[in-house]
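Mind having a look at this structure? Questions to follow.
Read the figures in this text as sums done on the coordinates, not as results from a lab. Computed from a prediction, not measured in an experiment: that's the story for all the values here. Cβ: placed from backbone, ideal geometry, glycine included. Neighbour counts: every protein chain shown.
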């Protein structure tokens, strides 16, 4: 499946089972999205370069490692990506935050861009894109293209569920971008929804349906 990392862990499988259930309520669904985003963030940042520092514990001086959190930026793709934001910020609370607004045209199934706001010096940061669902790959590719136009060179994409078609599309157009997901599902249906999926993530996060 190209440059994609699927997290295989019993805890993630358990949380996904609750997340997928149509009877799971808005509060629990929202909390689970955040928890899964946090776990994905741990994996995505496993290659962080630490700087040597010396600190003083209550007992003695100690040499260890730290990294500059401000060199990272989380950018949710609106609106569903907002559901992942608190989870990743719990891991890197001093990261900067941007927003990319897109919605899917219900006739063409293609993304329509309507908002783009990113932190200063974004080209010098590691950017982590957030979207619970990687379906057709259109929104992901458009977001990546917008960031690359701004000079961003280090981009990672985090999603909860990915479809093989979406992964293939991102790998085709942006093979340099690593994808981290909790699970790769079976396929897209005729309406371009992921199967078995979990429904419309945005509606379930915000309780709009």
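In vacuo Debye scattering of the stretch 6-48, one point per C-alpha: log10 I(q)/I(0) at q = 0.20, 0.26, 0.27, 0.31 Å⁻¹?
Debye intensities relative to I(0), on a log10 scale: -0.63, -0.91, -0.95, -1.11.
If you stretched the chain out fully between residue 42 and residue 60, how much longer would it get, using 0.36 nm times the residue separation minus the C-alpha to C-alpha distance?
3.6 nm
Considering only 33, 184, 12, give the residue with the highest GNM mean-square fluctuation for the chain, with springs between Cα atoms whenever their separation is below 10 Å.
Between 33, 184, 12, it is 12 that shows the largest mean-square fluctuation.
Which FRET efficiency value, to the nearest 0.05, is calculated for residue 67 and residue 176 with the Förster distance at 22 angstrom and r the Cβ-Cβ distance?
E(calc), rounded to 0.05, equals 0.50.
Mind sorting 125, 71, 172, 61 by how few other Cβ atoms lie within 10 Å of their own Cβ, fewest first? Walk me through the numbers before you get to the answer.
On the way: 125 24, 71 17, 172 11, 61 8.
Ascending number of Cβ neighbours within 10 Å: 61, 172, 71, 125.
Which whole-number percent gives the relative contact order of the stretch 4-206, counting Cα pairs below 8 Å spaced six or more residues apart?
24
Angle, helix 164-173 long axis vs. longest principal axis of the chain, Cα atoms, 0 to 90°, nearest 10?
So the inclination is approximately 60 degrees.
What is the spin-label model distance, in nm, from residue 28 to residue 13 if the labels are put 7 Å beyond Cα along the C-beta direction?
Placing both labels 7 Å beyond Cα along the Cβ direction yields 2.0 nm.
Okay, moving on. Under a crude label model (7 Å from the Cα following the beta-carbon direction), how far is residue 122 from residue 189 in nanometres?
It is 3.4 nm.
A further question follows. With only alpha-carbon atoms in the gyration tensor, what are the semi-axes of the equivalent ellipsoid for the stretch 4-206, in Å, largest first?
29, 21, 15
Set the Förster distance to 41 Å, then compute FRET efficiency between residue 51 and residue 103 from the Cβ-Cβ distance, nearest 0.05.
0.50
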